[in-house]
Amino acid sequence: MKHVFFVYIATSLLLALSSCKEKEQPKPPEVPVTLVMAEVNPPDTIVGRMDTAFKQKAEELSNGSVTIDLYCSGILGDEAQVMSLIVKPESSIQLARVSASLASYGGQKSRLLSIPYTFSSDEHFWRFAASPLAQEILDEPYENKLGVKGLFYGEEGFRHFFSKQKITTLADIKGKKVRVSGAQVLQDLVEAFEAEPVTVAFTDLYATMQTGLLDVADQPITNYLSNAFNEIAPYMILDGHMLGAVQVLINAAAWDALSDNQRAILTEAAQYASQYCRQIIDEANEEALTALKNEGATITELADKRPWQAACRAMITESSKDFPELYQRILELDN
């Protein structure tokens, strides 16, 4: 009986030691990944510089485990083309900087961020970006299995209308052909201003306006300059109808395939790039305004936004009706 007992003890010890050895086995080496990133704007724009900061920080932190191949200036297509790819499991594009609203692709909460006059200032937006509300909206497409995951927010500054003829009041836009992207909220805004929305891809905007098929478009100040839109439409009115909020997305399948360490690296690089964007936005806008004036552009300050805000009040209510409480919480971050 004692013999059996000792055999049992010995066997148990051997199994325990074997188990410990298994637990002590080193983890398999991390598989290096290369992520292709798309950016529609040139590298010297706010978002181009933000993307570059994200790429450099991720590669620095990873010691070769993560490489980001960044393609700017719309080389990989316009935003709609990039989005059509990045939502697919086997996408050739794994990262993209896009507008903050993913309403056209099923991200309904993100629609709130592009509603006109939501953010009163840059400070208001950055309070949102640092809040739990921001993470809730970033996570929505991943949780709803839409094929992408939001990583972080940035901004390009407020969007302003630019035109081939001078605009000083809301009445000057009435009846004009105004470029819109695929976002429904921008089309609704243009219609609220009693103008005609014309859908044009960003990569075709310069040529379309140059040929006279468009009268008006909108961009942040830095993009207006970097894309040389002032050459063909030298008038800009600083109406600030919408903040150019943006986000960087990653393909959901690519995210799932990353190691925990690689995910942590991208998360840290995302926080760094977002803060970098915040640091450079004001200075970049001031430099762009000075350059535009030196190049002969006519920049008009808007003394009273109230008529513009009143004109789109109904569409603001309509655009926020699905998430009224969430929208109100975003507005309250201005206090």
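The values are calculated or read from the model by the stated rules, or taken from the named source; none is laboratory data. Just so it is clear, the model here is predicted, and its values are computed rather than measured. These area figures cover heavy atoms from the full protein model, side chains too; ligands, DNA and RNA do not enter into them. Shrake-Rupley method; radii C 1.70, N 1.55, O 1.52, S 1.80 Å.
Where only protein heavy atoms count, and the probe is 1.4 Å, what is the accessible area per residue for the chain in Å²?
48
What do you get for the angle between helix 2-24 and the principal long axis of the chain? Use alpha-carbon atoms, 0 to 90 degrees, nearest ten.
The two axes meet at around 30 degrees.
Give the accessible area for Glu140 in Å² (nearest 10); use a 1.4 Å probe, count only protein heavy atoms, and leave out ligands, DNA and RNA.
Probe radius 1.4 Å; accessible area of Glu140 about 20 Å².
Roughly how many whole Å is it from the C-alpha centroid of the range 185-232 to that of the range 98-136?
Computed from Cα coordinates, the inter-centre distance equals 22 Å.
What accessible area, in Å² to the nearest ten, does a 1.4 Å probe give for Asp78?
Asp78 exposes around 20 Å² with every protein chain in place.
Out of the total accessible area of the chain (probe 1.4 Å, heavy atoms of protein only), what percent is carbon and sulfur?
Carbon plus sulfur share of accessible area: 52 percent.
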